[in-house]
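> Okay, here's the structure, questions in a sec.
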Amino acid sequence: MSCRVVVLLSGRGSNFRAIVEAGLPIDIVAVISNRPEAAGLAFAREHGLTAVALDHTQFADREVFDARLADEVERHQPDLVVLAGYMRILSPAFIARFEGRLLNIHPSLLPAFPGLKTHERALAEGVKVHGCTVHFVTAELDHGPIVIQAAVPVRADDTPDTLAARVLAQEHRIYPRAIQWFAEGRLVNKCGRVNLRDDSASQSVLSTES
């Protein structure tokens, strides 16, 4: 039976597009956005997918909204919930409800640079390698168990925009791969560390760009 996936997004959904175009062995049962005008919802509708808008500004507070969001997600009976540019911090109650089946992609090599403005901070710190991370979501922001990372070199002439573009290209490579591994039942999450089941050749999950 195909892995049932719900996607949460807030904007254009470029990672969502990459997931759709990867042709994964999954069934995207719903795409939900907290912004009704999100381009990702339009893309979902164009591809015949269920698109749901839940405007967070219409709710009294984060907890009330997240409770409604969790109910909507659960209604679609997902095996996996994928955050694809979802720009809200999830409440502990929401995370607890879906923990272990909630994936996110973050534009840094975690645990470095959690939070926002990762590319600006990487350049300010003078790091030589930057990248992105797919991880399971936990209550600690951007610190869940790491599934896969992709690294890019930081060039002398990089700006936040040029660095972001190269990192985003890697996001589009590794997020579908991580989702496929989950769908195939190959991810083993034990004691905060994630490994691949029955594939010693793939235990090194750091992809690099020259």
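The values are calculated or read from the model by the stated rules, or taken from the named source; none is laboratory data. None of these values were measured; they are calculated from a predicted model. Note that we place each Cβ from the backbone using ideal geometry, even for glycine, and neighbour counts take in every protein chain shown.
> With the structure loaded, tell me whether Asp142 is charged (D, E, K, R) and in contact with a His (Cβ under 6 Å, 6 or more places away or on another chain) or whether it fails that test.
Yes; evaluated as a whole, the condition is true for this residue.
> Take the range 30-88 and flag every residue that is of a type in the set (Ser, Thr, Tyr) and under 18 Å from Leu102 (Cα atoms). Outline the logic, then answer.
Step one: list which residues in the range 30-88 are of a type in the set (Ser, Thr, Tyr), which gives 33, 50, 57, 86.
Of everything in the range 30-88, those that are of a type in the set (Ser, Thr, Tyr) and under 18 Å from Leu102 (Cα atoms) turn out to be Ser33, Tyr86.
> Sticking with this one: Return a yes/no flag: does the range 39-47 have any residue that is in a helix (DSSP H, G or I), outside the structural domain of Asn15 (by TED's automatic domain parsing) and farther than 20 Å from Ala178 by Cα.
no
> Now a separate question. In the range 122-134, is there at least one residue being in contact (Cβ under 8 Å) with a residue 24 or more places away in the chain and touching a Gly at 6+ places or on another chain (Cβ under 8 Å)?
no
Each row is one residue, and each column tells you yes or no for (1) part of a strand (DSSP E or B); (2) touching a residue at least 12 places away in the same chain (Cβ under 8 Å); (3) surrounded by 17 or more Cβ atoms within 10 Å (Cβ to Cβ).
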| site | (1), (2), (3) |
| --- | --- |
| Leu49 | no, yes, yes |
| Asp71 | no, no, no |
| Leu90 | no, yes, yes |
| Phe94 | no, yes, yes |
| Asn104 | yes, yes, yes |
| Leu116 | no, no, no |
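> Whether any residue in the range 130-151 is farther than 26 Å from Leu8 by Cα, modelled with pLDDT of 95 or more and assigned to a strand (DSSP E or B) is what I want to check.
no
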